1. Among the numbered criteria (1) more than 18 Å from M223 (Cβ to Cβ); (2) within 13 Å of the ligand (Cβ to nearest atom); (3) among the aromatic types (F, W, Y), which one does F123 miss?
2. Which of the residues belonging to region 348-364 are in a loop (DSSP other than H, G, I, E, B), touching a residue at least 40 places away in the same chain (Cβ under 8 Å) and surrounded by fewer than 17 Cβ atoms within 10 Å (Cβ to Cβ)?
3. Are any residues in region 152-173 more than 16 Å from the ligand (Cβ to nearest atom) and crowded, with 18+ Cβ neighbours inside 10 Å, and if so, which ones?
4. With the requirement that a residue be away from the ligand (no atom under 16 Å from the Cβ), assigned to a strand (DSSP E or B) and buried (at least 20 other Cβ atoms within 10 Å of the Cβ), what does region 41-55 give you?
5. Collect the residues in region 217-258 that are over 16 Å from K184 (Cα atoms) and within 10 Å of the ligand (Cβ to nearest atom), keeping them in residue-number order.
6. Would you pick out the residues in region 17-36 that are under 19 Å from E69 (Cβ atoms) and either surrounded by 15 or more Cβ atoms within 10 Å (Cβ to Cβ) or not hydroxyl-bearing (S, T, Y) (or both)?
7. Looking at V313, V261 in this structure, which one is within 11 Å of the ligand (Cβ to nearest atom), aliphatic (A, V, I, L, M) and surrounded by fewer than 21 Cβ atoms within 10 Å (Cβ to Cβ)?
8. Any residue in region 250-279 that is within 12 Å of Y305 (Cα to Cα) and at pLDDT 95 or above sitting within a Cβ distance under 7 Å of a residue that is more than 12 Å from the ligand (Cβ to nearest atom) and among the acidic types (D, E)? List the pairs, counting only those 6 or more apart or interchain.
Amino acid sequence: MSNSGSLASLTRDFERFKRELPRDFPSLVRDTYRINLAARYLGRPLPHPIGKGSGQLSLNSGQLETDAEAGLAFAVLKTVIAQDAAGDQSMAAWAIHESKMKVERRGAGWTVTWKGRGWDRSFDEYLALVRAGRDLTRAGRLLAVPSVKYHLPRLDEAFRDSEYAYTTRALATAWRDAPLLLEKDFSPTLAGDALAEEKQQILRWLREVPQRIRAHGDVRLSMKLMNARFDDDFQAEMMKAAASADALVVFNRLFDSTAGVAYGGPELSDRNLRVLACLTPGASPGIPELSGTGDIHSGRMIVHYALRGCSSVQLHTFFQLPLEEYPATDGSRTQRALHALVFDPRDGLLAVMLEREAAGTLARRGGELRFLDLLPGEDR
Ligand SMILES: Cc1cc2nc3c(=O)[nH]c(=O)nc-3n(C[C@H](O)[C@H](O)[C@H](O)COP(=O)(O)O)c2cc1C
């Protein structure tokens, strides 16, 4: 099909999928448009790059089931606070309960205001959620990845190894198949904490945490980096310090210390993309695989992150908008969000890839346009 033929077909598909998005849309896209959306997170192949970031939208097996049904590529489970065998949690201040979330406009985009932090139910209940995620992963329906916040010491303190040991082993046992894929969360609220006032302290965490976790299990580790309250250069320094992780999630929300809340929206994607641009093109030596997060509300924004090296993306806010904000008229929020992200004829992922083909900045290989070819250094 010619480029203009593809655009006409895209408009038709966008309209007809408003009622129902086919679950296996990546195969349909490959057959119809010769566009290969294959992507990657933590070394695992994904049918397309779009996943759900850790948070209030992956708290129970019902949410995971809906996501699997919609054809989401992966979901990161809500962050659990690590504990030792006696149930003690050094980061207990993060395990607080707060149910109210407010979805608000921020500049030209959206943010979610919420004062809660980590998982606030029992560790056993978290393990049950991990097992539900494991079953969906094993059935090939949705890649689920647990997320943990482990103890982070002051410079003159030791790591509490007992928390690293107990939590990692319990998760690995619940998951059963090695390796365990795991995210370690350095949250935006941490950026606002007195603990994070010192650069050397943060760099030590990033350097040492991977070995602390891996000492207790066969773990493939992703570290979700916070937006620290320092300049862009320090943000890049953090990425280099975290280079022994298998993947980095870049970067969690900004922190408003006056209001005491984390926030997203256009300021977040501006900052994230600016920092990532310092490190690419050509994949800076030593930087692991990247997964983008922050203000992703269109396929065009997915492409911005991919051009800066992200082989997958993790969204939260875009899965929480008021229903009337999505062009689809039926389906779960996950389906409606995927429909807009992939099929929007102007700013969807397919439209932007076809636009780049027409402009000569993305070439077909073996007759196909490939999502992963957007990444610097992947098209050879
Ligand atoms: C209400 C809410 C709760 C969140 N909870 C977590 C969490 O527990 N762990 C974590 O790593 N990220 C958490 N996040 C961050 C999201 O996963 C995501 O990385 C971030 O919001 C940026 O993406 P977005 O702009 O698409 O929302 C949370 C975000 C929101 C809005």
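1. Against the list (1) more than 18 Å from M223 (Cβ to Cβ); (2) within 13 Å of the ligand (Cβ to nearest atom); (3) among the aromatic types (F, W, Y), F123 comes up short only on (2).
2. From region 348-364, those in a loop (DSSP other than H, G, I, E, B) are 348, 360-364; that's our starting set.
Pick out the ones that are also touching a residue at least 40 places away in the same chain (Cβ under 8 Å) and you get 348, 364.
Hit for region 348-364 is R364, nothing else.
3. From region 152-173, those more than 16 Å from the ligand (Cβ to nearest atom) are 153-166, 168-170, 172-173; that's our starting set.
Answer for region 152-173, where residues must be more than 16 Å from the ligand (Cβ to nearest atom) and crowded, with 18+ Cβ neighbours inside 10 Å: F159, R160, E163, Y164, A165, Y166, T168, A170, A172.
4. To start, the set of residues in region 41-55 that are away from the ligand (no atom under 16 Å from the Cβ) comprises 43-48.
Then keep just the ones that are assigned to a strand (DSSP E or B); that gives 44-46.
Within region 41-55, just L46 meets the criteria.
5. Matches in region 217-258: L254 only.
6. The initial filter retains those residues of region 17-36 that are under 19 Å from E69 (Cβ atoms), namely 17-29.
Selection gives F17, K18, R19, E20, L21, P22, R23, D24, F25, P26, L28, V29.
7. Numbers: V313 fails: surrounded by fewer than 21 Cβ atoms within 10 Å (Cβ to Cβ).
Only one candidate qualifies: V261.
8. Every condition considered, the pairs that remain are R274/D232; V275/D232.
The values are calculated or read from the model by the stated rules, or taken from the named source; none is laboratory data. All values reported here derive from a predicted model rather than from experimental measurement. Please note: Cβ atoms are built from the backbone with ideal geometry, for glycine as well, and neighbour counts cover all protein chains shown.
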